[in-house]
Amino acid sequence: MISSRRLVALDIAHTGWQGRVSPLEELRALDRFLAGVERRAFRMAQLATGQDDEALDLVQEAMLKLVERYAARDEAEWGPLFHRILQSKIRDWYRRQRVRSRWRVWLGRDEDGEAADDPLEAIADPAMPTAEHQVTLKEASAALDEALRSLPLRQQQAFLLRAWEELDVAQTAAAMGCSEGSVKTHYFRAIHTLRKRLGNHWP
């Protein structure tokens, strides 16, 4: 569970808060931030990797790095900093996968392309009143997942950070480590592709 991993990060914050004992209020604020971002962060990483275990590891590593290096920063800075760390780790994961893929090809081994189950889909939604509505929403969600996975990584990152995390262009650029112009380009292309593919499901 991500929540238990979040506690590990908070334990580090207790002992590593720039060499001092962190005030209780600051730890509570950090806990609230991590609790608020963990599910969406996992979903981002899961969409990028297609693997639950890999996604959990990436989110945990990002949380640990945030509290190790930036726990004492102003609370308003945590969001952009956390997403910059997470997106950097996702890009590193992609680079490692490309290297592994080349080795698999050289060794003549097949890759395992089986998609991991999405744990969030197992959570019941009390807002769904009818079976017909559930089927419609499930089809729309599946189409959205497929469309998001099909986006190039940088477009996927720009869309999720802007539309899901509601970061502004400057914050998204900082998180992605690119220019604001690149963010706008990636986001525009992602929106164009998603609208084209999802018009029947998400009018």
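Structure above, values below:
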item	result
Qualifying position, being closer than 19 Å to Ile90 by Cβ and out of contact with any strand residue (DSSP E or B) (no Cβ under 7 Å at 6 or more places or on another chain), among Gly177, Gly181	Gly177
Helices (runs of 4 or more DSSP H) contained entirely in segment 1-73, each with at least 3 residues that are at pLDDT below 85	2-16, 24-49
Pairs where the first residue, in segment 136-157, is modelled with pLDDT of 85 or more and the second is of a type in the set (Ser, Thr, Tyr) and surrounded by 14 or more Cβ atoms within 10 Å (Cβ to Cβ), C-beta under 7 Å, 6+ apart	Leu151/Thr193
Count - residues of segment 164-179 that are loosely packed, with under 14 Cβ neighbours inside 10 Å and either assigned by TED's automatic domain parsing to the domain that holds Ala62 or more than 15 Å from Ala41 (Cβ to Cβ) (or both)	4
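The values are calculated or read from the model by the stated rules, or taken from the named source; none is laboratory data. Only a predicted model underlies this, so the values are computations on that prediction, with no experimental measurement involved. Cβ sites come from the backbone with ideal geometry, for glycine too, and all protein chains shown count toward neighbours.
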